[in-house]
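Shown next, in structure tokens, is the structure this report addresses.
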Amino acid sequence: MTTTTTPMVEARDVHKVFGHGEGALHVLRGVDLVVPKGSVTVVLGPSGSGKSTLLRCLNELEQITAGSVHVDGELLGYRHDAKGLLHRLHPRKIAAQRSRIGMVFQRFHLFGHMTALENVAEAPVQVRGLSKAAARARAAELLERVGLSDRVDHYPAQLSGGQQQRVAIARALAMDPELMLFDEPTSALDPELVGEVLAVMQDLARSGMTMVVVTHEIGFAREVADHVVFMDDGVVVEQGPPAQVLDAPSEPRLREFLAHVL
Amino acid sequence: MALTTAPGAAVGGPPTDLPEPLNARPVPRPGRWLSAAVMLVLAAMVVHALVTNPNFRWDTVWLYLRDVNVVRGVGWTLVLTFGSMAIAVVLAVLLAIMRRSDNPVMRSVSWAYIWFFRGTPIYTQLVFWGLISVLYPRLSLGVPFGPEFFVFDTRDVITAFWAALVGLALNEAAYLAEIVRAGLGSVDPGQAQAARALGMTEPRILRRIVLPQAMRVIVPPTGNETISMLKTTSLVVAVPFTLEITYATSAIGTRTFQPIPLLIVAALWYLLITSVLMVGQYYVERYYGRGFDGGATGGRRGGPGGRLSRQAAIRGAGTTKDDPFAEVTP
């Protein structure tokens, strides 16, 4: 077994159906996605194409209906027993799997009753069992890394959107994740605040973090992504290096999408 | 590698070149003066009627306000109020969590409890708890439907005080459970989601993330319930428990043939305790309101105050232009 060739994410034939019977919604219809270690994958697509759902399936926030997701070679959410039967994992095991995958949300979701520092130090203490002092020291370091060392004692309501999102990135990094998921991290920001968040993400990509980013920022995709995936109607329509996907799209649906965003 | 933001644009820094404010005559409002005058006269009449009427016997009121039996009654009233509220809060949180459980048995039991204890009068419940030793003369510890290990006489275990305390608590828990449920429901589901993504388990998410933020919504009506409970304790005479303030004062009133002054004594004590409770509630609300526009009134999206402080925060952040007329884009 050669660990060097194990991709960070390997999703195979992933389906997601919301609801039952007549009103059932087939959001993902057989998605394959491979994300090599240390690479940045940008997922593009019109709203309702299933890209956010796919991202949430990569850390078990949504339970997939069919298919499989491996993160660093480990099956997510399930295990096979000796006879090959599939078992759902205990919630504690699933929580442990999630703790190695960082996620950044469109609407930040910072804990409103905690300061920036407390937000970042919370999970290392509660999940990893780190001492409070060690967690706070590390949190201060991370906040400095995202350029917020002068905002550690501010509550989220006292921060701008861009600052909140940078705290959210620091909060995810505090768990030393091997994979970072970004769900439209700049979509809820005022235009002049987008740059500061993208700069932090670019910095993170340069440091070798494996990242999957759902975004509408084509410029970011062009500059930072190693791989661009275009989704529509629950399937991957086209994927490849940014130069090929963004500048020489072969699919008419992708051409139409790019014409609208660019 | 660290990004640096521009130093914070001064919020409320030294103003420069302030213009002369407009100098205009205000709109005349004679109605305002008139209505205020009418109100003041009415208020003066009420006070005068209270103070000068000899039937109130203010000297007797003052005498019994400090009576040993009355003060002891105040003590018992406080014990009943805080004791029953403490038990009720714990029960209510359990009931509210059961109400949100995936387990249908838990959900149904919680629903049935709330249905029963809200649906029957507290007075009836207190009479029932007082009669429990008649209904069940013996209590035992043992295997359900099986052998018994310890047997007690019910009257030794459930005295009048405990019957009163438990009766009040069980009833109150049903109301508080609905308040807690509303509080838990008021927290943005994104909060739990973010905690889940960090690898926190559900019980920890509830304790560390959801409950502390739900408190902002839970505390004001719970303060209201506490003040209401203070007065409800006067019903424990139904058990019968006879040491709390209302019974203590009315007993003196009957004995001395002066019921009115002693009713006033009890009312003054209730007013005093309520006033103290209101002060306490203010500080508890302020504590749980931290991080939410720094106000006891909270409301992240509410009110012009909220918007102004959000605007101040955004300008204080120093990432936007220092324009005093800039509006928050929600």
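Say whether the condition of being assigned to a helix (DSSP H, G or I), buried (at least 22 other Cβ atoms within 10 Å of the Cβ) and in contact with a helix residue (DSSP H, G or I) (Cβ under 8 Å, 6 or more places away or on another chain) is met by at least one residue in the range A:208-217.
Checked the range A:208-217: no residue is assigned to a helix (DSSP H, G or I), buried (at least 22 other Cβ atoms within 10 Å of the Cβ) and in contact with a helix residue (DSSP H, G or I) (Cβ under 8 Å, 6 or more places away or on another chain).
Check the range A:161-173 and report whether any residue there is outside any helix (DSSP H, G or I) and either at the interface with chain B (Cβ under 7 Å from one of its Cβ atoms) or open to solvent by less than 30 Å² (accessible area, probe 1.4 Å) (or both).
No, the range A:161-173 contains no residue that is outside any helix (DSSP H, G or I) and either at the interface with chain B (Cβ under 7 Å from one of its Cβ atoms) or open to solvent by less than 30 Å² (accessible area, probe 1.4 Å) (or both).
Can you name the residue in the range B:211-220 that is crowded, with 21+ Cβ neighbours inside 10 Å and in contact with a helix residue (DSSP H, G or I) (Cβ under 6 Å, 6 or more places away or on another chain) and, of all such residues, is nearest to the other protein chains (Cβ to nearest Cβ)?
Ranking the candidates gives B:Arg216 first.
Among the numbered criteria (1) more than 17 Å from the chain's Cα centre (by Cα); (2) more than 9 Å from chain B (Cβ to nearest Cβ); (3) surrounded by 20 or more Cβ atoms within 10 Å (Cβ to Cβ), which one does A:Leu130 miss?
Of everything listed in (1) more than 17 Å from the chain's Cα centre (by Cα); (2) more than 9 Å from chain B (Cβ to nearest Cβ); (3) surrounded by 20 or more Cβ atoms within 10 Å (Cβ to Cβ), A:Leu130 misses just condition (3).
Those residues that are charged (D, E, K, R) and in contact (Cβ under 8 Å) with a residue 60 or more places away in the chain, I need them from the range A:137-175; list them, please.
Of everything in the range A:137-175, just one residue is charged (D, E, K, R) and in contact (Cβ under 8 Å) with a residue 60 or more places away in the chain, namely A:Arg171.
Suppose we keep only residues that are aliphatic (A, V, I, L, M) and not in a helix (DSSP H, G or I) within the range A:125-141. Which one would you say is nearest to A:Val104 (Cα to Cα)?
Among those residues, the one meeting the criterion is A:Val127.
Checking the structure you have, find out if any residue of the range B:271-294 is more than 21 Å from B:Leu230 (Cβ to Cβ), modelled with pLDDT under 50 and either open to solvent by 30 Å² or more (accessible area, probe 1.4 Å) or out of contact with any strand residue (DSSP E or B) (no Cβ under 8 Å at 6 or more places or on another chain) (or both).
Within the range B:271-294, one or more residues are more than 21 Å from B:Leu230 (Cβ to Cβ), modelled with pLDDT under 50 and either open to solvent by 30 Å² or more (accessible area, probe 1.4 Å) or out of contact with any strand residue (DSSP E or B) (no Cβ under 8 Å at 6 or more places or on another chain) (or both).
Would you check which residues across the range A:142-160 are more than 12 Å from A:Leu110 (Cβ to Cβ), open to solvent by 40 Å² or more (accessible area, probe 1.4 Å) and not charged (D, E, K, R) and list them?
A:Ser149 - this is the single residue of the range A:142-160 that is more than 12 Å from A:Leu110 (Cβ to Cβ), open to solvent by 40 Å² or more (accessible area, probe 1.4 Å) and not charged (D, E, K, R).
Within the range A:80-101, can you find the residues that are over 28 Å from A:Leu25 (Cβ atoms) and surrounded by fewer than 16 Cβ atoms within 10 Å (Cβ to Cβ)?
If the condition is that a residue be over 28 Å from A:Leu25 (Cβ atoms) and surrounded by fewer than 16 Cβ atoms within 10 Å (Cβ to Cβ), then A:His80, A:Asp81, A:Ala82, A:Lys83, A:Gly84, A:Leu85, A:His90, A:Arg92, A:Lys93, A:Ala96 are the ones that fit.
Is it the case that the range A:71-90 has a residue that's of a type outside the set (S, T, N, Q), under 20 Å from A:Ala172 (Cα atoms) and outside any loop (DSSP other than H, G, I, E, B)?
yes
Working carefully through the options B:Ile87, B:Ile114, find the one that is in contact (Cβ under 8 Å) with a residue 40 or more places away in the chain and surrounded by fewer than 18 Cβ atoms within 10 Å (Cβ to Cβ).
Among B:Ile87, B:Ile114, only B:Ile87 is in contact (Cβ under 8 Å) with a residue 40 or more places away in the chain and surrounded by fewer than 18 Cβ atoms within 10 Å (Cβ to Cβ).
Just to be sure I understand, how many residues within the range B:90-111 are open to solvent by 80 Å² or more (accessible area, probe 1.4 Å), β-branched (Val, Ile, Thr) and closer than 28 Å to B:Ser234 by Cα?
Residues flagged as open to solvent by 80 Å² or more (accessible area, probe 1.4 Å), β-branched (Val, Ile, Thr) and closer than 28 Å to B:Ser234 by Cα within the range B:90-111 amount to 1.
Among the residues of the range B:13-61, write down those that are hydroxyl-bearing (Ser, Thr, Tyr) and within 30 Å of B:Thr249 (Cβ to Cβ).
Residues satisfying the conditions are B:Thr52, B:Thr60.
When you check A:Val228 against the structure, is it touching a strand residue (DSSP E or B) at 6+ places or on another chain (Cβ under 7 Å) and closer than 17 Å to A:Ser47 by Cβ, yes or no?
No.
Which one of these does A:Gly147 not meet: (1) more than 29 Å from B:Arg216 (Cα to Cα); (2) touching a Gly at 6+ places or on another chain (Cβ under 9 Å); (3) at the interface with another protein chain (Cβ under 7 Å from one of its Cβ atoms)?
All conditions pass for A:Gly147, except number (2).
Go through the range A:95-119 and report how many residues are touching an Asp or Glu at 6+ places or on another chain (Cβ under 6 Å) and of a type in the set (Val, Ile, Thr).
Result for the range A:95-119: 1.
Checking B:Ser228 against (1) under 16 Å from B:Ala88 (Cα atoms); (2) open to solvent by less than 20 Å² (accessible area, probe 1.4 Å): exactly one of these is not met. Which one?
Of everything listed in (1) under 16 Å from B:Ala88 (Cα atoms); (2) open to solvent by less than 20 Å² (accessible area, probe 1.4 Å), B:Ser228 misses just condition (2).
Any idea which of A:Ala205, A:Ala188, A:Ala199 is open to solvent by less than 40 Å² (accessible area, probe 1.4 Å), within 13 Å of chain B (Cβ to nearest Cβ) and part of a loop (DSSP other than H, G, I, E, B)?
A:Ala188
Return yes when B:Leu184 is touching an Asp or Glu at 6+ places or on another chain (Cβ under 8 Å), within 29 Å of B:Gly291 (Cβ to Cβ), open to solvent by less than 10 Å² (accessible area, probe 1.4 Å) and not polar (S, T, N, Q) and no when it is not.
Considered against the rule, which asks whether it is touching an Asp or Glu at 6+ places or on another chain (Cβ under 8 Å), within 29 Å of B:Gly291 (Cβ to Cβ), open to solvent by less than 10 Å² (accessible area, probe 1.4 Å) and not polar (S, T, N, Q), B:Leu184 comes out as no.
Identify, please: which residue in the range A:16-64 is within 14 Å of another protein chain (Cβ to nearest Cβ) and in a loop (DSSP other than H, G, I, E, B) and is, among those, surrounded by the fewest Cβ atoms within 10 Å (Cβ to Cβ)?
Across the range A:16-64, the extreme among qualifying residues is A:Gln63.
Rundown of residues vs (1) touching a strand residue (DSSP E or B) at 6+ places or on another chain (Cβ under 8 Å); (2) part of a helix (DSSP H, G or I); (3) more than 7 Å from chain B (Cβ to nearest Cβ), yes/no style:
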position	(1), (2), (3)
A:Ile94	no, yes, yes
A:Met103	yes, no, no
A:Arg107	no, no, no
A:Leu110	no, no, yes
A:Ala123	no, yes, no
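Could you say which residue among B:Gly199, B:Gly223 is open to solvent by less than 50 Å² (accessible area, probe 1.4 Å) and closer than 30 Å to A:Leu179 by Cβ?
After applying the criteria, what remains is B:Gly199.
Looking only at helices (runs of 4 or more DSSP H) that fall completely inside the range B:87-194, which ones have 1 or more residues that are among the small types (Gly, Ala, Ser)?
Qualifying helices (runs of 4 or more DSSP H): B:104-119, B:122-130, B:132-135, B:160-186.
The values are calculated or read from the model by the stated rules, or taken from the named source; none is laboratory data. Model, not experiment: these values are computed from the prediction. Here the Cβ is made from the backbone with ideal geometry for all residues, glycine too, and neighbour counts use every protein chain on show. The protein model used for the area step is the full one, side chains on, heavy atoms only, and it has no ligands, DNA or RNA in it. Shrake-Rupley method; radii C 1.70, N 1.55, O 1.52, S 1.80 Å.
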